[in-house]
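Structure first, commentary second.
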Amino acid sequence: MPTLTSAHDLITAIPFLIGFHPTNSIVLISIKSDSIGMAMRIDLPIQLDSDAIDLLAHHFLRDKADAALLVAYMPDDREDGDSLLISLGAGLIRNGVEIQESIVVRSGRYRSIICRDLECCPTLGKSIPAIEESTIAAEHVVAGIPMPYANISELTETLAADPSSFDLPWSDEVNRFYIAEDSEQLSELRRDGIETMDLLVDEYRMGRGPTEQTLVARMIGRMSDVQVRDYALGVHCEDTYDLYFTMWRELLRLAPRGFVAPIACIVAAMAYEGGDGALAQKALDRAFSDDEKYPLAALLRRVFNAGWPPESFAQMRNELHPKVIAAIFEG
């Protein structure tokens, strides 16, 4: 995990850590062995009560954090950033979490409320640096990681339904591959779902993406089955993560109404495992908009809100996958 050595580094790193440039937010980052651990963003509150602070502290304790970095992104019409961070910092310290840095961002400038060196941290703060010219940005580009989105709305748009997903003929085509729980060919249909996944990811591996519409419809339709969905949850590894993540995000945009929730849950789980909590929560929003009682979406929401470390989630997924394979191919 990267290491931050200054307030400047922290301000330029945050958009990469959460996937977009935050506004009207508080960003909390855990530090473990002098490196970045978990990154969380919450909407800017009017005030923080003790229960809310204790819940945030619970996330740090669960992450086994040594310390916290706090940044408040304030609108121009609010001047209470210092008091918010002081209350939050005091509550975290009360729960045993040290505060390593605490910064207020407002009107295009940032300043530490901890540093007392006026040469380092002038009273009026410093101008927000252009992240495009930062070392952190260069490192991410070299690693193939895209630049952050301009705002959370732009991030959400990457998961929005494509207009073609509302076409009735397309919905009918996807519905041809729906798997009914009482089907007499249930085992064969589930195995067909796995075969379809292999075929479609090969299309992506060869750079063709979702061009074979029948194959895409077949995959979206087969994801209606819980076992096929659970197989999809654990099929990727570190080397194939980007390939599968791209595929599922594109299928999410193409999924017609009634077929969104399973794929949205896969996107949410992969985003969370990849450290992109904001995208994970937005993917779950899409799942709930498709089926407000979808069980896996409710489970993932509880897991995410409880602050499970991504590595623990990945371990759980890896332990589940062999059981899913056995159920499909040996059941």
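The values are calculated or read from the model by the stated rules, or taken from the named source; none is laboratory data. Keep in mind that this is a model prediction, so the values were computed, not measured. Every residue, glycine as well, gets a Cβ built from its backbone with ideal geometry; the counts of neighbours run over all protein chains shown. These accessible areas exclude ligands, DNA and RNA; they are computed on the full protein's heavy atoms, side chains included. Shrake-Rupley method; radii C 1.70, N 1.55, O 1.52, S 1.80 Å.
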- [ ] Set the Förster radius R0 to 30 Å, insert the Cβ-Cβ distance between Lys32 and Ala138 as r into 1/(1 + (r/R0)^6), and round the FRET efficiency to 0.05.
- [x] 0.75
Task: Sequence of Phe288, Phe304 when ordered by accessible area, the most exposed leading, probe 1.4 angstrom - done: Phe288, Phe304
Task: Rounded Å value of the spacing that divides the Cα centres of region 154-172 and region 193-272 - done: 15 Å
Open item on the list: With the cut-off at 1.5 for a/c, could you classify region 246-306 from its C-alpha gyration tensor as rounded, prolate or oblate?
Closed with: oblate
Task: Surface accessible to a 1.4 Å probe, His8 within the full protein complex, Å² - done: 80 Å²
Open item on the list: Could you work out what % of the accessible surface of the chain is carbon and sulfur, using a 1.4 angstrom probe and leaving DNA, RNA and ligands out of the count?
Closed with: 52 percent
Task: Three-way shape label, the chain, alpha-carbon gyration tensor, a/c 1.5 - done: prolate
Task: For region 79-176: accessible area per residue (Å², 1.4 Å) - done: 61 Å²
- [ ] Just read off the accessible area of Lys323 with the full protein assembly in place, 1.4 Å probe, to the nearest 10 Å².
- [x] 140 Å²
- [ ] Using label points projected 7 Å from each Cα along Cα→Cβ, tell me how many nm separate Lys323 and Ser187, to one decimal.
- [x] 2.1 nm
Task: Probe 1.4 Å, accessible area per residue of region 288-331, Å² - done: 60 Å²
